[in-house]
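Asks: Sharing a structure, written as C-alpha cells. Questions coming.
Just so you know, all these numbers are worked out from the coordinates, no wet-lab data involved. This one's a predicted model, so the numbers in the text were calculated from it and none came from an experiment. Ideal geometry is used to build each Cβ from the backbone, glycine not excepted, and the neighbour counts take in all protein chains shown.
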Amino acid sequence: MRLINVCKATPTSAVDSEGLAKILELFSVSKQGYKLTPAAADRIAWSSPAGLIYGSASNTKEGHRIMHVLAHTVVDYKVGPGITHSVFTGARDELFQLLDEAWSSTAKVHPLNDQGFEIANQWVVPMGRVIGTDGQQKIFLVMRRAGSAEILTAHPIH
C-alpha cells in the first residue's frame, strides 16, 4: 500500500480524517506493537511512544504532519521544480519508530546558523547506519519551536 496516497487534503489543506484514520489503523495492528495515540480530544494531533507530536499541517500540501513525514518514504514524490527531496530507506510502517529512535537519542545536536549560533528548534541526529536512499546516515528533525516535541518535518541528510 502506498501510504502517501491514502490521505487527500482538500484545496484548503484541511485534514482528511478518513484517510488519516486508515494510516493510524495500520499502527494499531503493527507486528511490533507500535502505536500512535491521540494527543488531544480532537484526534487531530497524535503522539508517538517517545513523545513526538504529529499535528495538522495547513502549510503543506499533505495537510497533516504524519502525511508530510511519510512523503519522505516515496522516491518519486513530486515536491516542485528545483526542490530536493530526500527519502528514507526501510518499510514505511517502521518510519515512526525510526523517528522515535532519533528523538530519544542522546547524540542529537542542534545545527548552527551562519553566525555560529544553535538553531534551537532543529536537530541533527547521527544514526550510525544508512537510513536514506542516497546513503544518508543522519536524520534532520525540525520542531515547531525550541523545546517543543511537535514535529514539522524529518528527513535523511548527509
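Asks: Under 1.5 on a/c is rounded, so check that first for the stretch 55-158, then, if it is not, pick prolate when a/b is larger than b/c and oblate when it is not; a ≥ b ≥ c are the square roots of the alpha carbon gyration tensor eigenvalues.
Replies: Here the stretch 55-158 falls in the rounded category.
Asks: Determine the gain in length on full extension of the stretch residue 76-residue 61; use 0.36 nm per residue of separation and subtract their C-alpha separation, reporting nm with one decimal.
Replies: 3.8 nm
Asks: Please find the FRET efficiency linking residue 104 to residue 42, where r is the Cβ-Cβ separation and R0 is fixed at 22 Å, and quote it to the nearest 0.05.
Replies: It comes out at approximately 0.25.
Asks: Hey, can you grab everything whose amide H is under 5 Å from the amide H of residue 132? Only 5+ residues off in sequence or another chain; H modelled, so Pro and N-termini drop out.
Replies: Those qualifying (amide H under 5 Å, at least 5 residues apart or on another chain) are 89.
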